[in-house]
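Here is the structure we will look at, set down as structure tokens.
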Amino acid sequence: MGVAWKEIRSRSRLASVASILAIGVLGGLLAGTEASAQETEWATTELADGVFQFSYGAYNTLFVVTTDGVVAFDPISDDAARILAQEIRAAAPGFPLLAIVYSHHHADHASGAGVLRAIFGGRTLIIGHENALQPLLEAANPSVPPPDLTFSGRLSLKPGGREVRLVYLGPSHTASMIVGLVPDARIAFAVDFVANDRVGYRDLGSHQFREFFRALEALDALEFDRIAFGHGPVGDRDAVKRQIAYYGDLRDAVQRALDAGWSEDEAAERISLDEYASWGGYEEWFALNVRGLYRWMASER
Ligand SMILES: [Zn+2]
């Protein structure tokens, strides 16, 4: 069951109505129906004025309320999308859902966009990086419709004059990964290639490592004070610096293992980074992180 807590202030003059997704060019969209919920734990937290984190099980997403309507990131799943729709409606009654933004093309975050869009009347624009298009066309998954609008480097949505900036930092966890920024709230949103004091997921299977390290640095160069993640708690900007330190230390440790002639199994068994032992996922995934990085670095030698 849900533990929804939020503080919704009155948005007096914002009676809703015609939506303007000012991407410079695009126009936009309306409202619709509703469906029911189920058992996964969920919560909605207002991180800053009109910037909400919606958590569903182990997943987080973000939605941003503007005077012209709402921009939402990953709907997470069909079931999550039904609750997310209720939460968007509670936060912004009568407002249209202008856009759904995919952080990347993986279905465990992007699913539910079909459901969410239908609930809001079917005209919500779905936005993703251009590298998300082909995999989603191939997947032909009705729960993850391909984006209607793609971009390559950066896209600024300015509904009601409030900017939601989408930034591509190059490949990282996937080649389709983008980061969201709400500049007026100094909040960022990043998924799967970075988190708050957590090691990477399993063996970092989809990571494109060389670019991944660059993407971490590029993320650290963006302007924000707090950052919400696809998994785990919100962090301050030092959370990103700690991730950079972790992956740097991991890379150095694997390099030493390679220099010493250790096999992958030996590296996975012997390497430990005690200063990160308290991090989320360390017990389950640290040795797998070693393996993933070992395979890449070994192949690069
Ligand atoms: Zn992913």
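Taking the options 181, 136, name whichever one is crowded, with 17+ Cβ neighbours inside 10 Å and touching a His at 6+ places or on another chain (Cβ under 6 Å).
When all the criteria are applied, what remains is 136.
Looking only at segment 89-109, filter to residues that are under 14 Å from residue 172 (Cβ atoms) and out of contact with any Phe, Trp or Tyr (no Cβ under 9 Å at 6 or more places or on another chain); which one of those is farthest from the ligand (Cβ to nearest atom)?
Among those that are under 14 Å from residue 172 (Cβ atoms) and out of contact with any Phe, Trp or Tyr (no Cβ under 9 Å at 6 or more places or on another chain), it is 105.
Go through segment 57-81 and give me each residue that's assigned to a loop (DSSP other than H, G, I, E, B) and under 15 Å from the mean Cα position of the chain (by Cα).
57, 58, 73, 74, 75, 76, 77
What pairs can you find where one residue is in segment 179-199 and farther than 30 Å from residue 283 by Cβ, the other is within 15 Å of the ligand (Cβ to nearest atom) and among the hydroxyl-bearing types (Ser, Thr, Tyr), and their Cβ atoms are less than 8 Å apart, with a gap of 6+ or different chains?
Cβ pairs passing all conditions: 180/103.
Kindly establish whether residue 73 is within 27 Å of residue 194 (Cα to Cα), in the same structural domain as residue 139 (by TED's automatic domain parsing) and crowded, with 23+ Cβ neighbours inside 10 Å.
Numbers: within 27 Å of residue 194 (Cα to Cα): yes; in the same structural domain as residue 139 (by TED's automatic domain parsing): yes; crowded, with 23+ Cβ neighbours inside 10 Å: yes.
For residue 73, the condition - within 27 Å of residue 194 (Cα to Cα), in the same structural domain as residue 139 (by TED's automatic domain parsing) and crowded, with 23+ Cβ neighbours inside 10 Å - is met.
Restricting to segment 88-128, give me the number of residues that are outside any loop (DSSP other than H, G, I, E, B) and in contact (Cβ under 8 Å) with a residue 60 or more places away in the chain.
Residues meeting the conditions: 11.
Is it the case, given these coordinates, that residue 263 is over 12 Å from residue 194 (Cβ atoms), surrounded by fewer than 19 Cβ atoms within 10 Å (Cβ to Cβ), hydroxyl-bearing (Ser, Thr, Tyr) and in contact (Cβ under 8 Å) with a residue 12 or more places away in the chain? Break it down into steps so the answer makes sense when it comes.
Numbers: over 12 Å from residue 194 (Cβ atoms): yes; surrounded by fewer than 19 Cβ atoms within 10 Å (Cβ to Cβ): yes; hydroxyl-bearing (Ser, Thr, Tyr): yes; in contact (Cβ under 8 Å) with a residue 12 or more places away in the chain: no.
Here the answer is no, as residue 263 does not meet what is asked.
Across segment 32-53, what is the number of residues that are crowded, with 21+ Cβ neighbours inside 10 Å and either modelled with pLDDT under 95 or not polar (S, T, N, Q) (or both)?
Adding up the residues that qualify gives 4.
Condition first: touching a Phe, Trp or Tyr at 6+ places or on another chain (Cβ under 6 Å), modelled with pLDDT of 95 or more and either within 26 Å of residue 226 (Cα to Cα) or in the same structural domain as residue 155 (by TED's automatic domain parsing) (or both). Can you find one or more residues in segment 111-124 that meet it?
Here is the first cut: in segment 111-124, the ones touching a Phe, Trp or Tyr at 6+ places or on another chain (Cβ under 6 Å) are none.
There is no residue in segment 111-124 that is touching a Phe, Trp or Tyr at 6+ places or on another chain (Cβ under 6 Å), modelled with pLDDT of 95 or more and either within 26 Å of residue 226 (Cα to Cα) or in the same structural domain as residue 155 (by TED's automatic domain parsing) (or both).
Can you tell me how many residues in segment 202-226 are free of Cβ contacts under 8 Å to residues at least 24 places away in the same chain and surrounded by 18 or more Cβ atoms within 10 Å (Cβ to Cβ)?
0
Considering 234, 194, which residue is closer than 17 Å to residue 171 by Cα and either of a type in the set (Val, Ile, Thr) or not assigned by TED's automatic domain parsing to the domain that holds residue 59 (or both)?
After applying the criteria, what remains is 194.
Show me the strands (runs of 3 or more DSSP E) found entirely inside segment 149-237 where at least 1 residues are within 14 Å of the ligand (Cβ to nearest atom).
178-182, 187-190, 226-229
Do any residues in segment 50-73 that are more than 13 Å from residue 88 (Cα to Cα) have Cβ atoms under 6 Å from those of residues that are surrounded by fewer than 24 Cβ atoms within 10 Å (Cβ to Cβ) and among the β-branched types (Val, Ile, Thr), where the two are at least six apart or on different chains, and which pairs are they?
Once the first residue is more than 13 Å from residue 88 (Cα to Cα) and sits in segment 50-73, its partners that are surrounded by fewer than 24 Cβ atoms within 10 Å (Cβ to Cβ) and among the β-branched types (Val, Ile, Thr) give 56/40; 57/40; 68/20.
The values are calculated or read from the model by the stated rules, or taken from the named source; none is laboratory data. Predicted, not measured: the structure shown is a model, and the values here were computed from it. Note that each Cβ is placed from the backbone with ideal geometry, even for glycine, and that neighbours are counted across all protein chains shown.
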